[in-house]
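Input: a single structure, listed below in structure tokens.
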Amino acid sequence: MRLGVLDVGSNTVHLLVVDAHPGARPLPAHSHKAELRLAQLLDDSGAIGDDGIEKLIAVVRDALQAAEDKGVEDLLPFATSAVREATNADDVLARVKDETGVRLQVLTGPEEARLTFLAVRRWFGWSAGKLLVLDIGGGSLEIAFGIDEEPDAAVSLPLGAGRLTAGWLPGDPPDPEDVRALRRHARAQIARTVGEFSRFGAPDHVVATSKTFKQLARIAGAARSAEGLYIQRDLKRESLEAWVPRLAGMSTQQRAELPGVSEGRANQLLAGALVAEGAMDLFGVESLEVCPWALREGVILRRLDHMGNG
């Protein structure tokens, strides 16, 4: 059957259409995305303003039309940290439901971490052993660890690249003092969680998902996306540590000219790099592998599991 997953994230609203049935690998059929930057549309009270809600409704309508055009039978709509943490989240969800008919399921941070972990586990299989999975989104950082399909530990921290850029790095290029302050803040937040994971022992394989990690791996020399899903793409901490000061000294326009960096994400890349570097350092990770599957695939796989058991 043809499934659609509608991901209302902090940076983008992304419809992924796949052909899928229980026990089979979901095959991507169509992708439709709009850069909305919900995390940056919050007002001083932490609410999504009327303008932001209207933009969200328009984008959801467009995605619904794309899903219908592509013959989607079952749509799985969900929202992550930008909607989850908006002070008027209930109002936003009600408006979207009333005006589009779409009932967005708001995932908690730990649910995001668990579903991303499921996708990574299915991608690498049981032979990967104990997995540590890192995912930097626009609004949050998810960390999960385990040997099964359900992680032993899963946490979500408010360390998304979009959120941190808006809150900590106003300059372009940013002020070195602001960069140092963000570095301290990110590391202090991550350090609080390390003990929760270290009691499970060392991971056999460390994996990262998300656009932020893909772009960092690309500028550090990993293969282009055009070379396909099955090329191994690694990010070494040594390479990342060399890139962080370079990114800090660049303007958004200069970052956008780097290989694999999209114009829409260039301003967030430094904040994402600081979080990635902090996580790798504090968890003692020398190298990680980038996984092409992440949260959207996890949502699809969970739905297929339920269909198979139904």
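The table below gives the values:
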{"item": "Residue check, E150 acidic (D, E), open to solvent by 10 Å² or more (accessible area, probe 1.4 Å), modelled with pLDDT under 95 and in contact with a Leu (Cβ under 9 Å, 6 or more places away or on another chain)", "result": "no"}
{"item": "Selection from region 61-82 of residues that are under 28 Å from A161 (Cβ atoms), of a type outside the set (S, T, Y) and either at pLDDT below 95 or open to solvent by 70 Å² or more (accessible area, probe 1.4 Å) (or both)", "result": "R61, D62, A82"}
{"item": "Set T87, T116, T108: member being within 21 Å of G4 (Cα to Cα), within 22 Å of the chain's Cα centre (by Cα) and exposed (fewer than 14 other Cβ atoms within 10 Å of the Cβ)", "result": "T108"}
{"item": "Sole residue being open to solvent by 30 Å² or more (accessible area, probe 1.4 Å), at pLDDT 95 or above, under 29 Å from L38 (Cα atoms) and of a type in the set (D, E), chosen from E263, E257", "result": "E257"}
{"item": "So T212, is it under 24 Å from F124 (Cα atoms), surrounded by 15 or more Cβ atoms within 10 Å (Cβ to Cβ) and under 19 Å from the mean Cα position of the chain (by Cα)", "result": "yes"}
{"item": "Residue pairs meeting the criteria (Cβ under 7 Å; at least 6 apart or on separate chains; first farther than 14 Å from R121 by Cβ, in region 296-307; second buried (at least 17 other Cβ atoms within 10 Å of the Cβ) and of a type in the set (F, W, Y))", "result": "V299/F78"}
{"item": "Unmet criterion (only one of (1) open to solvent by 40 Å² or more (accessible area, probe 1.4 Å); (2) within 21 Å of the chain's Cα centre (by Cα); (3) not small (G, A, S)) for L235", "result": "(1)"}
{"item": "Residue count, region 15-31 (criterion: open to solvent by 50 Å² or more (accessible area, probe 1.4 Å) and touching a residue at least 60 places away in the same chain (Cβ under 8 Å))", "result": "3"}
{"item": "Some residue of region 98-119 being part of a helix (DSSP H, G or I) and either on the phi > 0 side of the Ramachandran plot or aromatic (F, W, Y) (or both)", "result": "yes"}
{"item": "Pairs with Cβ under 6 Å, 6+ apart, first in region 107-128 and within 9 Å of G298 (Cβ to Cβ), second β-branched (V, I, T) and part of a helix (DSSP H, G or I)", "result": "L115/V299"}
{"item": "Region 131-144, residues that are closer than 8 Å to F117 by Cβ and either within 8 Å of the chain's Cα centre (by Cα) or buried (at least 24 other Cβ atoms within 10 Å of the Cβ) (or both)", "result": "V133, A144"}
{"item": "Selected residue (only one of A181, A186 is of a type outside the set (V, I, T), at pLDDT 95 or above and in contact with a Phe, Trp or Tyr (Cβ under 7 Å, 6 or more places away or on another chain))", "result": "A181"}
{"item": "The lone exception for E277 - which of (1) crowded, with 19+ Cβ neighbours inside 10 Å; (2) touching a Lys or Arg at 6+ places or on another chain (Cβ under 6 Å); (3) among the charged types (D, E, K, R) it fails", "result": "(2)"}
{"item": "First in region 77-91 and among the aromatic types (F, W, Y), second anywhere and open to solvent by less than 10 Å² (accessible area, probe 1.4 Å), Cβ under 8 Å, 6 or more apart", "result": "F78/V5; F78/L6; F78/V8; F78/L107"}
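The values are calculated or read from the model by the stated rules, or taken from the named source; none is laboratory data. Computed from a predicted structure; not experimentally measured. All Cβ positions, even for glycine, are placed from backbone atoms using ideal geometry, and neighbour counts span all protein chains on display. To get the accessible areas, we keep the full protein, side chains included, count just its heavy atoms, and leave off ligands, DNA and RNA. Shrake-Rupley method; radii C 1.70, N 1.55, O 1.52, S 1.80 Å.
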